[in-house]
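For reference, the structure discussed in these notes is given below.
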Amino acid sequence: MGNEISNLEALEAEAIHLIREVLTELERPALLFSGGKDSAVLLHLAMLAVKPKKLWIPIVHIDTGHNFEEVISYRDKIISQFDLNLIIGSVQDSIDRKTAVEEPGNLSRNKLQTVTLLETIEDYKFDALFGGARRDEEKARAKERFLSHRDAFGQWNPRGQKPEIWHLYNTKHHTDEHFRVFPLSNWTELDVWKYIKLRNIELPTIYYSHQREVVRRNSMLVAVTDLTPKLEDEESFVATVRYRTVGDKTCTAAVESLSSNVDEIIEETQTSRISERGATRVDDKFSEAAMEDRKKEGYF
Amino acid sequence: MELLRFATAGSVDDGKSTLIGRLLYDSKSIFEDQLQAVEKTSLDRGDEYVNLALLTDGLRAEREQGITIDVAYRYFSTPKRSFIIADTPGHIQHTRNMVTGASTADLVLVLVDARNGIIEQTRRHALIASILRIPHLVLCVNKMDLMDYSKDVFESIKEEFQEYATRLDIKDVTAIPVSALTGDNVVSRSLNMPWYDGYPLLRFLEEVYIGSDRNLVDLRFPVQMVIRPISDSHQRDFRGYGGQLASGILEKGTEVLALPSGFKSKIARIEGPDGEIEQAVPYQSVVVCLEDDIDISRGDMLCRPNNKPIIGQDITSMLCWMSDVPLDTRRKYLIKHTTKTLKAMVTKLHYRLNVNTSHRDLNVTSLELNEIGRADFRLSSPIFFDDYKKNKETGSFIVIDEATNATVAAGLISGEAFLDA
């Protein structure tokens, strides 16, 4: 005994190993950062992988323009605290250039992010993008590799994935192709929270319990904001809530919660009976294969 | 809390997805909304019961055809352990998928249908587990409910399998009678099989001892990354080597030898994720600083001066071919071994192993998809390796096709599937 490493340390070591492989074998890697908890953990791991050297790769934020203010101020604080190089890919710019078109009646810019993301990759010629996606989030993700290949159109081909054996990653690719790299593949939501506690990682305040004006819509709690105003037949009320994920304001719901610190959230997560996406994402429920379809097109 | 990684293997209709669904469901790792989605789909498809297999079948084609296409990963935990399941399909791309899913596993779970007993595929799964040197194998005899929970049926399947397994190199073989559909012996002890005195499956997975499966003796530290923060003035003299410890124990003050240069130095400092540490154990990702400034780069290796890996350009290996394009002995390939990638060519193909009969076919000129054989390689420069039997990390490699960039094979250095026959 004494020579064993814990579950969290094993996941951490596996993630750092992958990050180092990509940083040394690929030419233009970047890290996708949404300001959410998974990307906060991802950024922490990337900084650990090169410590004490400063993380030199660009941090890319695909900005829907539909952000919670707390998330943007958190992003800016982290970028300046660690002296990082931030690149913003703006969905609004894509809309203005008419490369992304908003569907009438659909406020969510979740799907449009794909366009902006692929444009940003093209502009900067990135050959690898670290992302904070986890396999436990969703059934299609459960089949995705750590190092996930994208063709010149940014598309994922689930049936043609390279086998990933031991921890020997094959980073070879043709020009114009790139990889999405998922160091948190094997983490669960609970692992992420336990790790945030273990390494004392700062998060946007909206993850913790606070008071907010909300309406109940399709059995979900939606914050009343400039983009999601109260509808005519709706009653708004002030609830004690927190967010389990942060995303486009128009399609991310809050959950009722009194958990105001990491310990309480770990406790809550351990006893929760609803999945993270089920509780908070308004857009995954449309079809059984919703995520698979979006991923094939180049989504995160 | 400890992590156990296991892979599952079985034939179509052995009930593998149902068993995993059952493990997740009975250990309360399924969320209500996920279960509701499955209930709804089961109803839409006209299934007579809630089809737990739908919890793991992720891609559209799989749900439509009721088969599992690719390796899928599942996660659950109990108060005792965290588990990662690599669920590998048994029918198509069988060897490729099982090798992929099982390569990082501590344990493999092989399912058989109690009505059919040991079939060709069962032997194939066990053989692959043996080639990959998975230390623990659990034979789950499923669908016991359809055989009246008969002790005789279970015992005869168990005996037949154990007889076969004695010829393999698997440390620990355990058989458990279960019914994934009814939940007997999956999470709770079965009341229908009072004659069975072993653990139910989940309890076994929680208790199986994996601590001794790692190699704590042979120090091997493949250097992944040289870390020199040149721009930062107060760190200007820092020179560290980032990597994941493959085996052995790395301690401050340890005398080490750098390969290939042959220079010796001592470990001055080890940086873990949470600051400086006195010692590192296998699979920790650390940064190592040496007392002397010697020339080391990615692809090099640190070991002890009196315990070196084999240094050489010629290797013999068991090769699992994973590509639609067969092995062409006239072509050059790339090999990735630890943190080194280099050119290689096949110098001799010895035999093809029939994974169903374990017969060695000596009349061989190529290997095709899902075939396993013994092949010798010559590499463009020396690598630092050990026999896969002693060291999985320094004894394994992948083969890459330079034209397509595909990963075409997995290789185990001088690995053999059988105990001396």
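Buried (at least 23 other Cβ atoms within 10 Å of the Cβ), among the charged types (D, E, K, R) and more than 9 Å from chain A (Cβ to nearest Cβ), is that true of B:ARG124? So B:ARG124 passes the test. Here A:ILE196 fulfils each of the conditions (1) more than 11 Å from every other protein chain (Cβ to nearest Cβ); (2) over 20 Å from the mean Cα position of the chain (by Cα) apart from (2). Residue selection: B:ARG304 satisfies the criterion of being over 26 Å from the mean Cα position of the chain (by Cα) and touching a residue at least 60 places away in the same chain (Cβ under 8 Å). If you go through the range A:186-236 and keep only what is touching a Ser or Thr at 6+ places or on another chain (Cβ under 9 Å) and part of a loop (DSSP other than H, G, I, E, B), you end up with A:THR188, A:PRO204, A:TYR208, A:SER209, A:VAL224, A:THR225, A:LEU227, A:THR228, A:LYS230. The number of residues in the range B:388-415 that are without any contact (Cβ under 8 Å) to a residue 60 or more places away in the chain and over 16 Å from the mean Cα position of the chain (by Cα) comes to 2. The set of residues from the range B:309-330 being away from chain A (no Cβ under 14 Å) and either free of Cβ contacts under 8 Å to residues at least 60 places away in the same chain or in contact with a Pro (Cβ under 8 Å, 6 or more places away or on another chain) (or both) comprises B:ILE311, B:GLY312, B:GLN313, B:PRO326, B:ASP328, B:THR329, B:ARG330.
In the range B:370-387, of all residues being part of a loop (DSSP other than H, G, I, E, B) and touching a Ser or Thr at 6+ places or on another chain (Cβ under 6 Å), the one that is nearest to the other protein chains (Cβ to nearest Cβ) corresponds to B:ASN370. Checking B:ASP26, B:ASP33, B:ASP47, B:ASP14 one by one, the residue that is assigned by TED's automatic domain parsing to the domain that holds B:GLY183 and either among the polar types (S, T, N, Q) or in contact with a Leu (Cβ under 7 Å, 6 or more places away or on another chain) (or both) is B:ASP14 and no other.
Here is a yes/no grid of residues against (1) in the same structural domain as A:VAL60 (by TED's automatic domain parsing); (2) surrounded by 21 or more Cβ atoms within 10 Å (Cβ to Cβ); (3) closer than 26 Å to A:ILE57 by Cβ:
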residue	(1), (2), (3)
A:ILE88	yes, no, yes
A:VAL91	yes, yes, yes
A:ILE95	yes, no, no
A:ALA100	yes, no, yes
A:VAL115	yes, yes, yes
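Among the strands (runs of 3 or more DSSP E) confined wholly to the range A:18-137, which include 3 or more residues that are not β-branched (Val, Ile, Thr)?
A:29-32, A:86-90, A:128-130
One residue alone among B:ASP218, B:ASP197 is touching a residue at least 12 places away in the same chain (Cβ under 8 Å) and not in a helix (DSSP H, G or I), and that residue is B:ASP218.
Say whether the condition of being at positive phi, assigned to a loop (DSSP other than H, G, I, E, B) and either surrounded by fewer than 23 Cβ atoms within 10 Å (Cβ to Cβ) or not β-branched (Val, Ile, Thr) (or both) is met by at least one residue in the range A:160-172. Spell out the reasoning first.
Narrowing the range A:160-172 to residues at positive phi: A:166.
Next, from what is left, pick out any that are assigned to a loop (DSSP other than H, G, I, E, B): A:166.
Narrowing the set further to residues that are either surrounded by fewer than 23 Cβ atoms within 10 Å (Cβ to Cβ) or not β-branched (Val, Ile, Thr) (or both) leaves A:166.
Checked against the condition, which is being at positive phi, assigned to a loop (DSSP other than H, G, I, E, B) and either surrounded by fewer than 23 Cβ atoms within 10 Å (Cβ to Cβ) or not β-branched (Val, Ile, Thr) (or both), the range A:160-172 yields at least one hit.
Of the residues making up the range A:125-173, those that are in contact with a Lys or Arg (Cβ under 7 Å, 6 or more places away or on another chain), over 28 Å from A:SER275 (Cβ atoms) and away from chain B (no Cβ under 13 Å) are A:LYS125, A:PHE126.
When the residues of the range B:272-294 are filtered to those that are of a type in the set (Val, Ile, Thr) and free of Cβ contacts under 8 Å to residues at least 60 places away in the same chain, the one that is surrounded by the fewest Cβ atoms within 10 Å (Cβ to Cβ) is B:ILE294. Taking the range A:1-36 only, how many residues are more than 9 Å from chain B (Cβ to nearest Cβ) and under 22 Å from B:ASN215 (Cβ atoms)? Within the range A:1-36, residues that are more than 9 Å from chain B (Cβ to nearest Cβ) and under 22 Å from B:ASN215 (Cβ atoms) number 1. Taking first residues from the range A:249-260 that are in the same structural domain as A:GLN113 (by TED's automatic domain parsing) and partners that are part of a strand (DSSP E or B) and surrounded by 22 or more Cβ atoms within 10 Å (Cβ to Cβ), no Cβ contact under 6 Å between residues at least 6 apart in sequence or on separate chains turns up.
The values are calculated or read from the model by the stated rules, or taken from the named source; none is laboratory data. For clarity, every value in this text was computed on a predicted model and none was experimentally measured. Cβ coordinates were reconstructed from backbone atoms using ideal geometry, including for glycine residues, and neighbour counts include every protein chain displayed.
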